[in-house]
Amino acid sequence: MPDYDTLLDAEVHAFLARTSSFYPDDATDLSIAEQRRHYDRMCAAFEVPHPPGLSVQDRTLGGVPCRIYTPAAARGATILFCHGGGFVVGGLDSHDSLSAELSAGAGARLVAIDYSLSPEHPFPQDFADVLAVFAALEGALVLCGDSAGGNLVAALAHATRASGRVLGQVLIYPALGGARDLPSYVQHAHAPGLTVQDMDFYEGVRRACADVTADARFAPLADTDFSGLPETLIVTAQYDPLSSDGQAYAAALTAAGGQAEWVEEAGLVHGYLRARHMSAKAGASVARIIGALRRMTQS
């Protein structure tokens, strides 16, 4: 097992310690209600004020609650954003300041989706919600999501590729349904921030005992056709069991003639978006993500 005590720098260790003070490492042993309470408290502790000049409005689109962020001089395509949280925790508030910073930094309107969570609404309701918001919006879109949200927007890109409306997608440490024998699953099965055991728990809750692992809406890497997909940037963390998902997905798109780039962020762990204001490495990664969103939306 890697020695994360020596591999991670002091800023990342401080981030992990602060995270653990709100969200215990054994959170999956708690009830879903308790997990959500701890997660919401943790996310609130990392929230920061919105950038100036940003308009924020809560609206329902396609029957799904959404939060719309609009910079004063917004232009270009709209960003469609899905939050992480294992399809079980999280919502509009958990990723509020991040959504605001992505919108302001890209200079583009951003629509954050409050999709249905499991176990109350198991797959495919989460995907159906995202598809409904897509259908309710008009014009060109750039998709973005972290972790579980990366899964949902990638699945959306696959399902809507014929529309020609998606200009690009930015996937941040996405869970794409990779095989458990891929290198990062083996090397970082017990990584801080996310373990393979955690992943198995969340996947089980989302599946609700159904055999859906071959469904590309559930696991985009299960698709048999990777052609016709938009330009894609996949950003992963070095010490994260999900890193190989990003590598495998980029390889599949490239092999099908698409444009895809995989960036593995050295020295970082799953969930590092919340560390963007306390870790130089995390901050640099978020700047890279914002740069990609700005270019894709303004192209």
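The values are calculated or read from the model by the stated rules, or taken from the named source; none is laboratory data. Just so you know, these numbers come straight off a predicted model, no measurement behind them. Quick reminder, even Gly has a Cβ in these numbers, built from the backbone with ideal geometry, and neighbours come from all protein chains shown. Side chains included, ligands, DNA and RNA excluded: accessible areas come from the protein's heavy atoms. Shrake-Rupley method; radii C 1.70, N 1.55, O 1.52, S 1.80 Å.
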What residue, among those in the stretch 1-13 that are open to solvent by 50 Å² or more (accessible area, probe 1.4 Å) and in contact (Cβ under 8 Å) with a residue 60 or more places away in the chain, is nearest to PRO241 (Cα to Cα)?
MET1
Checklist (1) of a type in the set (Val, Ile, Thr); (2) open to solvent by less than 10 Å² (accessible area, probe 1.4 Å); (3) more than 14 Å from the chain's Cα centre (by Cα) applied to VAL166, failing item:
(2)
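Being in a loop (DSSP other than H, G, I, E, B) and farther than 14 Å from PHE87 by Cβ is the filter here; which residues of the stretch 189-204 pass it?
Within the stretch 189-204, the subset in a loop (DSSP other than H, G, I, E, B) is 189-195.
Listed by number, the residues that qualify are ALA189, HIS190, ALA191, PRO192, GLY193, THR195.
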Residues located in the stretch 245-290, provided they are in contact with a Lys or Arg (Cβ under 8 Å, 6 or more places away or on another chain), open to solvent by 10 Å² or more (accessible area, probe 1.4 Å) and in a strand (DSSP E or B):
VAL263, GLU265, ALA266
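From the list ALA159, ALA214, which one is farther than 23 Å from SER94 by Cβ, small (Gly, Ala, Ser) and touching a residue at least 12 places away in the same chain (Cβ under 8 Å)?
ALA159
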Which residue out of LEU293, LEU229 is buried (at least 24 other Cβ atoms within 10 Å of the Cβ) and not in a helix (DSSP H, G or I)?
LEU229
Being open to solvent by less than 30 Å² (accessible area, probe 1.4 Å) and among the aliphatic types (A, V, I, L, M) is the filter here, so list the residues in the stretch 207-226 that pass it.
VAL212, ALA216, ALA219
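If you take the residues of the stretch 146-163 that are aliphatic (A, V, I, L, M) and open to solvent by 10 Å² or more (accessible area, probe 1.4 Å), which of them is nearest to PHE81 (Cα to Cα)?
Going residue by residue through the stretch 146-163, those that are aliphatic (A, V, I, L, M) are 148, 152-157, 159, 162.
From what's left, open to solvent by 10 Å² or more (accessible area, probe 1.4 Å): 159, 162.
Working: ALA159: 16, ALA162: 20 Å.
Ranking the candidates gives ALA159 first.
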Output the residues belonging to the stretch 202-211 that are of a type in the set (Gly, Ala, Ser) and without any contact (Cβ under 8 Å) to a residue 40 or more places away in the chain.
GLY204
Within the stretch 71-90, identify whether any single residue is farther than 23 Å from ALA155 by Cα, of a type outside the set (Gly, Ala, Ser), surrounded by 17 or more Cβ atoms within 10 Å (Cβ to Cβ) and more than 13 Å from the chain's Cα centre (by Cα), and answer yes or no.
yes
Mind checking which residues of the stretch 92-122 are among the hydrophobic types (A, V, I, L, M, F, W, C), part of a loop (DSSP other than H, G, I, E, B) and open to solvent by 20 Å² or more (accessible area, probe 1.4 Å)?
LEU92, LEU117
So is GLY62 open to solvent by 10 Å² or more (accessible area, probe 1.4 Å) and in contact with a Phe, Trp or Tyr (Cβ under 9 Å, 6 or more places away or on another chain) or not?
yes
Residue match in the stretch 29-51 (condition: open to solvent by less than 70 Å² (accessible area, probe 1.4 Å), in contact with a His (Cβ under 8 Å, 6 or more places away or on another chain) and over 12 Å from ASP96 (Cα atoms))
yes
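Regarding the stretch 101-113, can at least one residue be identified that is touching a residue at least 40 places away in the same chain (Cβ under 8 Å), in contact with an Asp or Glu (Cβ under 7 Å, 6 or more places away or on another chain) and within 27 Å of VAL48 (Cα to Cα)? Please lay out each step first, then the result.
Initial filter on the stretch 101-113 (touching a residue at least 40 places away in the same chain (Cβ under 8 Å)): 101-113.
Narrowing further to those that are in contact with an Asp or Glu (Cβ under 7 Å, 6 or more places away or on another chain): 113.
From the residues that got through so far, the ones that are within 27 Å of VAL48 (Cα to Cα) too are 113.
Taking every residue of the stretch 101-113 in turn, at least one turns out to be touching a residue at least 40 places away in the same chain (Cβ under 8 Å), in contact with an Asp or Glu (Cβ under 7 Å, 6 or more places away or on another chain) and within 27 Å of VAL48 (Cα to Cα).
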